[in-house]
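K.L.:
Please see the structure below; I have some questions.
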Amino acid sequence: MTVQPDSTSEALRPCPRTVAEPPRPPWQPHRAWQVSSSRTVSYEVVLSSGLLDPANPTLAAAGVPDGAGPGRRLVVVDATVQALYGARLCAYLTRRAVEHEFCVVDAHESVKSMETVFGILAAMDAFGISRRREPVIAVGGGVLTDLVGLAASLYRRATPYLRVPTTLIGMVDAGIGAKTGVNFRQHKNRLGSYHPSSVTLIDQEFLGTLGPRHLRNGLAEILKIALVKDATLFERLEEHGPRLVEERMRPAGSADGAKVAEEVVERAIHGMLEELQPNLWEHELRRLVDFGHSFSPAIEMAALPALLHGEAVCVDMAFSAVLAHRRGLLDRGDLVRLLRVMDRLELPTWHPVCTPDLMARGLADTVRHRDGRQLLPLPDGIGHARFVNDVSRAELDAALGLLLDLGGRSDALALTSGNRGA
Ligand code: NAD
């Protein structure tokens, strides 16, 4: 059947239809629409040594379509890393014929803010990035990669970037997940986004220049994974902790030490990604990797800049372990082992800002973040954890008292003295 054009209208002529169509129902007014869509996210985390070797194409080729030329890159780099590695990085990119510019950011926790993100965005805008073939390269610690990740997620609503973490925390935690973030109004990482880099390239050689305190800081996040899900990893830290720090966890350490360091980093990354992948957008609020992150945001911000992120996490883990011990989840022997590992790694288990009020406020803030529930991961033996929801204020106060006692008296629980306190 052919529908005849409406001869009364010259301007609007329906197209002739050659196929019979059922009559359309009269137009129904709509007041609500449901739009659903899903986006597959896929990114790579690669252990990759010799990244700055000019003969190694990995860094220059990462994150661009096969066959694309060397192109241009904006390299956003931490100021300390630039001072230590800038010349090699520049020589590398020049040798690989990559046209590049550096945006050097003096990145540390106190400037982890939107102002710094705006500075990076200005550099991205001035550079004029082609989104398909010129991923921004972020080179630095967790602060730098969190800043660049947030800037990249905002710029033209998502611009690809690569991460080259240069600290241990960056390699096993900050540089391998999906989250970006900055601090806002005394709140840790309160503004942020989910925007993983297309590729994270991890070269443990960078650890060769990292100060021992920052190595220990990273070992605290590794200890977190060990305590909640990997007893073997815990044993490695128990046996080799101080040596890992001495040898800086590099391939160039002693043959035996390098092997342990490699295994420790691999297990930590694997354990972390195993937890992150099925819950990348954190819809599930029962997260094992939140162990050590229930009280620590409040502790870290209150102590800023005295405590590093991993140090605040360690205080939280020690406190949570004491809570677990008081509940009968962690026996005395395991509590001693755990605190001793922290002690040998010279990580703090207490800080003067940890007043009963601060711990209670920290937990209340966490409860808001976890949809009204505590969902507190507590160690259930070493290498396992369980979630609890009913920790009372009295319990917090008693646990803090016990922790203080342990920190104050080196003979308590037969602990050796160490870096208790600041
Ligand atoms: P950082 O970025 O401040 O780096 C620590 C220090 O090491 C800095 O002074 C830096 O200049 C220096 N540095 C970096 N690489 C170096 C190298 N190779 N040699 C010598 N010095 C070097 O701190 P961080 O510990 O790497 O990261 C902590 C940050 O990571 C926190 O802000 C935390 O919130 C964030 N974080 C984010 C996630 C996430 O999922 N996005 C996870 C964990 C931690």
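K.L.:
Using Cα atoms only, what is the angle between the long axis of helix 393-408 and the major principal axis of the chain, expressed in degrees (0 to 90) to the nearest 10?
P.N.:
Tilt relative to the chain: about 50 degrees.
K.L.:
Further, regarding this structure: How large a share of the accessible area of the stretch 114-240, in percent, is made up of carbon and sulfur atoms when the probe is 1.4 Å and the other protein chains stay in place? Walk me through the numbers on the way to the answer.
P.N.:
Numbers: 2050 of 4230 Å².
Its accessible area is 48 percent carbon and sulfur atoms.
K.L.:
Rounded to the nearest 10 degrees, what's the angle between the helix 356-369 long axis and the longest principal axis of the chain, both from Cα atoms, 0 to 90?
P.N.:
So the inclination is approximately 20 degrees.
K.L.:
For the stretch 88-115 and the stretch 365-408, write down the distance between their C-alpha centroids in whole Å.
P.N.:
With the stretch 88-115 and the stretch 365-408 each reduced to a Cα centre, they are spaced 40 Å.
K.L.:
Residues with amide H under 5 Å of C103's amide H, sequence separation 5 or more or different chain, H placed in the peptide plane at 1.01 Å from N; which?
P.N.:
Here the answer is V75, V76, V77, since their amide H atoms fall under 5 Å of that of C103.
K.L.:
Cα atoms only, the stretch 250-372: Rg and Dmax in Å?
P.N.:
Looking at the stretch 250-372, its Cα Rg and Dmax stand at 16.4, 49 Å.
K.L.:
Lys pairs in the chain, Cα-Cα under 24 Å, at least 8 apart or on separate chains: how many?
P.N.:
9
K.L.:
Continuing with the same structure: With everything on Cα atoms, drop me the angle between helix 309-326 and the longest principal axis of the chain, reported from 0 to 90° to the nearest 10.
P.N.:
Here the helix axis deviates by roughly 70 degrees.
K.L.:
Per DSSP helix of 4 or more residues, -39500 (n - 2.57); summed, then divided by the residues of the chain. What does that give at 222 nm, rounded to the nearest 500? Provide the component values of the computation, followed by the final result.
P.N.:
Details: 12 runs with 173 residues, N = 422.
Taken over the chain, the calculation gives -13500 deg cm²/dmol.
K.L.:
Further question: Could you report the chain's accessible area per residue, 1.4 Å probe, as an integer in Å²? Could you put the intermediate results ahead of the total?
P.N.:
Working: 20200 Å² over 422 residues.
Heavy-atom accessible area per residue stands at 48 Å².
K.L.:
Of all the stretches in the chain, which is the longest one without any exposed loop site, taking GluC sites (Glu not before Pro) in a DSSP loop (any state but H, G, I, E, B) with at most 10 other Cβ atoms within 10 Å?
P.N.:
Working: sites that count: E10, E284.
After excluding every exposed loop site, the longest remaining stretch is 11-283.
K.L.:
Longest segment of the chain with no chymotrypsin sites (Phe, Trp or Tyr not before Pro) in a DSSP loop having at most 12 other Cβ atoms within 10 Å? Mind showing how you got there, number by number?
P.N.:
Working: sites that count: W27, W33, W281.
Result for the longest clean stretch: 34-280.
The values are calculated or read from the model by the stated rules, or taken from the named source; none is laboratory data. Please read all numbers here as calculations on a predicted model, not as lab measurements. Cβ sites come from the backbone with ideal geometry, for glycine too, and all protein chains shown count toward neighbours. In case anyone asks, the SASA skips ligands and DNA or RNA and just uses the protein heavy atoms, side chains included. Shrake-Rupley method; radii C 1.70, N 1.55, O 1.52, S 1.80 Å.
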